[in-house]
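Asks: After the structure tokens below, expect a handful of questions from me.
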Amino acid sequence: MEESPHKLHSKLRLWEYPDKYIFEPIDGVTDSILQINRADGSMQTIGEMPQHTQNAKVGTVYGVVGMIRLLIGSYVLVVKERENVGTYLGHPIFKISSLQLLPCDHSLKASSSEQKKMEAEFTALLKASQKVSGLYLSYEVNITLCSQRLHDLGNESKSLPLWRQVKQRFLWNNYLMELLIENKLDQYLIPVIQGYFENFSANIGSKSVNVTIIARRCTRRTGTRMWRRGADKEGYAANFVESEQIVESNGCTASFVQVRGSIPFIWEQIVDLTYKPGFEIVKQEDAAHVVERHFLDLHKKYGAVQAVDLVNKHGSEGCLQERYATSMGPILSDDIRYLHFDFHKICGHVHFERLSLLYDQIKDYLSKNGYFLSNEKGEKVGEQTGVVRTNCVDCLDRTNVTQNMIARKMLESQLKRLGVLAENQEISDFSSFHTSYKILWANHGDEISIQYSGTPALKGDFTRFGKRTYQGIAKDGWYALARYYFNNFADGTKQDGIDLLQGHYIVSVSREMAPPTKRGLVETYASFRVAFALIFISFLFAFMSLRQARNGTRHLLESIAWTGLTLGITAFVKAHGRHFTNRPRFLTTHY
């Protein structure tokens, strides 16, 4: 592909003055120096550096991710540390290791105490969001597009600044870039995606093969596991991720894309301190319409769609499966298909090799819709005309295992077409390559899971080692407990930070300074820490009184009273469990 004339700044010297920030390019391109006012966040480019630099703190950053305005101040997000993690179509790809928040909030000094307090709450969310995982960037190539779409991009589009070539739904810093775009800072506008990137090279016989996975998370309905379920009324599904597997060998490139996403109608699973909260389908009468919008959008973007639904047909998940299948009925055609595969019933917790039964049902579809392929001259000789959309409830664990199985089958097909594998060979015949490939997919599943649930994927030992292990099952138990903690006591705040950075919640003076909504007594004073402390103290006194019961009736009665109080508080907390969890402030639910 032709290199864009709008070269991005990849390394900047950051000068922190008392009244301004100056970003000086030190990557060989010095035609624009960016200056940002620390009082109001206003930006301008200057021709040369100030002569007096003795009052400045100097550091190095690797790009400006964007700027966000809060109630009073503005805040610049920059890449503090990065790691080169490989190449995409010959261009280096970097993972963001550390972000830094630069405040432009000197105007706070003239603000009221109430405004300062609210600004501090918002900035705390931003600071917590500096730890967001799985962010990747490239200064040279558009990583929001898969290989096929990048190949089909016209010369006119390739001549545009990189930020104007991107696929908006996969652009993590889309909202953060708006102020930079207004100021026409093309050379500072670095597209960032959230997802995963990794590649490896290994030999199969005498042939060298390079395999890459790049996952792109959609920003339209992004968030945490329990606070972003289902789809919105526009049909955008939670945890929607496009995963592309790229194979390069003999000068040829083959690419295969899969997608995942939550069951695409409006449903919730609000945390309430129970291990597995109940599912609630909201506005059931709208489910078919939302499903139709979702799949028509997928058809427009990818061509034919094969939906693979892995949820249980019976039990608590059964209501979701039934509604999904019923809603799909009116839109089924040769181009939009639906297949239910009861993963837990067929595969259990150890027999994942039975996924071959699923493959047998979709292999004709995969063969028909193919994959992208370019020859040694860079000419397109094959294209992917359809996609497999896989889901379970979380679109993590069962989905990871299933996508890995499909990708593996497609990889073997591609390698045989490229003349790397013989017709009777499999990648498992080449242990070094096979091991690297399994690790690649296991890492991919873990990273996608961490971004959504806070923990690595369950069932990852099968992807990593090809079988279930006792250690893997034990890890799954630990991860399940960690997910319970995050869901109930951490993800509400995390969701607020995500919504703030993504522009799903925009701070405004009129809204933030309005009187708070009146809440009920329980909701106002509910605190899990207080409840837990009361339960523990009551139990302790009950236990101590019971030990003294033989010394007199009074101690026995005290023990009964304390036991009753313990049970009463426990029952109260259980009955009002939703009010004792860490809930998002910016998210409206339907309960």
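The values are calculated or read from the model by the stated rules, or taken from the named source; none is laboratory data. Because the structure is predicted, anything quoted here is derived from the model rather than measured. Glycine gets a Cβ as well: all are built from the backbone with ideal geometry, and neighbour counts include every protein chain shown. The area values use the complete protein model at the heavy-atom level, side chains included, leaving out ligands, DNA and RNA. Shrake-Rupley method; radii C 1.70, N 1.55, O 1.52, S 1.80 Å.
Asks: If you project the alpha carbons of segment 174-274 onto their three principal axes, what span does each projection cover, largest first, in Å?
Replies: Dimensions of segment 174-274 along the principal axes of its Cα atoms: 56, 46, 26 Å.
Asks: Ok, one more. Counting other Cβ atoms within 10 Å, keep those with at most 16, restrict to DSSP loop, and tell me which trypsin sites (Lys or Arg not before Pro) in segment 419-513 are left.
Replies: Values: sites: K438, K459, R464, K467, R468, K475, R483, K494, R511; in loops: K459, K467, R468.
Sites meeting the loop and neighbour criteria: K467.
Asks: If you add up the charges near A254, with Lys and Arg at +1 and Asp and Glu at -1, over every other residue whose beta carbon is less than 9 angstrom from its beta carbon, what do you get? Walk me through the intermediate numbers first.
Replies: Numbers: positive: R417; negative: E248.
It works out to a net charge of 0.
Asks: Then there's this: Calculate one ³J(HN,Hα) per residue across segment 478-484 by plugging θ = phi - 60° into the Karplus curve 6.51 cos²θ - 1.76 cosθ + 1.60, and present them in order as whole Hz with x for glycine and proline.
Replies: Going residue by residue, I get 5, 5, 5, 5, 4, 4, 4 Hz, with x marking Gly and Pro.
Asks: For segment 254-267, take each phi angle, set θ = phi - 60°, evaluate the Karplus expression 6.51 cos²θ - 1.76 cosθ + 1.60, and give the result in whole Hz per residue in order, putting x for glycine and proline.
Replies: Listing the rounded values in order: 10, 9, 9, 10, 10, 10, 9, x, 4, 4, x, 9, 7, 8 Hz.
Asks: At what distance in angstrom do the alpha carbon centres of segment 59-73 and segment 320-351 lie from each other?
Replies: Comparing the Cα centres of segment 59-73 and segment 320-351, I get a distance of 44 Å.
Asks: Another one. Counting each DSSP H run of 4 or more residues in the chain as -39500 (n - 2.57), what helix-only mean residue ellipticity at 222 nm follows after dividing by all residues, to the nearest 500 deg cm²/dmol? Present the calculation step by step, with values, prior to reporting the outcome.
Replies: Numbers: 18 runs with 216 residues, N = 591.
Roughly -11500 deg cm²/dmol at 222 nm, from the helical runs in the chain.
Asks: Among G460, A575, N142, whose Cα sits farthest toward the positive end of the charge dipole of the chain (+1 at Cβ of Lys/Arg, -1 at Cβ of Asp/Glu, about the Cα centre)?
Replies: Of G460, A575, N142, it is A575.
Asks: Per residue, how much accessible area does segment 82-149 show when a 1.4 Å probe rolls over the protein heavy atoms, in square angstrom? It would help to have the intermediate numbers written out before the result.
Replies: Working: 2920 Å² over 68 residues.
Ligands and nucleic acids excluded, the figure is 43 Å² per residue.
Asks: Out of the total accessible area of the chain (probe 1.4 Å, heavy atoms of protein only), what percent is carbon and sulfur?
Replies: Details: 13870 of 26770 Å².
Solvent-exposed carbon and sulfur of the chain make up 52 percent of the total.
Asks: Let me ask another. Once you order the gyration tensor axes a ≥ b ≥ c over the Cα atoms, which shape class does segment 112-203 get: rounded for a/c under 1.5, otherwise prolate or oblate by comparing a/b with b/c? Could the numbers behind the result be given before it?
Replies: Numbers: a/c = 3.53, a/b = 1.67, b/c = 2.12.
Oblate is the answer for segment 112-203, as a/c is 1.5 or above yet b/c matches or exceeds a/b.
Asks: Where does the charge balance sit around R337 when Lys and Arg score +1, Asp and Glu -1, over other residues with C-beta under 14 Å from its C-beta?
Replies: Working: positive: K363, K368, R389; negative: D309, D334, D335, D364.
In short, -1.
Asks: Which whole-Hz ³J(HN,Hα) couplings does segment 298-315 yield from phi under the Karplus relation 6.51 cos²θ - 1.76 cosθ + 1.60, θ = phi - 60°, glycine and proline marked x?
Replies: 4, 4, 5, 8, 10, x, 5, 10, 10, 7, 10, 9, 9, 6, 5, 7, 10, x
Asks: Within the P(r) computed for segment 1-103, what percentage of the Cα pairs occupies the region above 18 Å?
Replies: Working: 2791 of 5253 pairs.
So the portion of pairs separated by more than 18 Å is 53 percent.
Asks: Which of the lysines could a cross-linker bridge to K80, judged by Cα under 22 Å and excluding same-chain residues fewer than eight apart?
Replies: Filter leaves K7, K11, K20, K57, K95, K127, K131, K494.
Asks: Send over the semi-axes of the chain's equivalent ellipsoid, whole angstrom and largest first, taken as the square roots of 5 times the C-alpha gyration tensor eigenvalues.
Replies: Details: eigenvalues 350, 276, 98 Å².
Equivalent ellipsoid semi-axes, largest first: 42, 37, 22 Å.
Asks: Something else: Summing +1 for each Lys or Arg and -1 for each Asp or Glu, what net charge is found among the other residues whose Cβ lies under 10 Å from the Cβ of L101?
Replies: Values: positive: K80, K127; negative: none.
Here the charged neighbours net out to +2.
Asks: Something else: Give the separation of the Cα centroids, segment 147-162 to segment 99-142, in Å.
Replies: 33
Asks: Hey, another quick one. Please identify the GluC sites (Glu not before Pro) of segment 132-203 that satisfy two criteria: DSSP loop assignment and at most 14 other Cβ atoms within 10 Å. Which are they?
Replies: Details: sites: E140, E156, E178, E182, E198; in loops: E140.
Passing both the DSSP loop test and the Cβ count: no residue.
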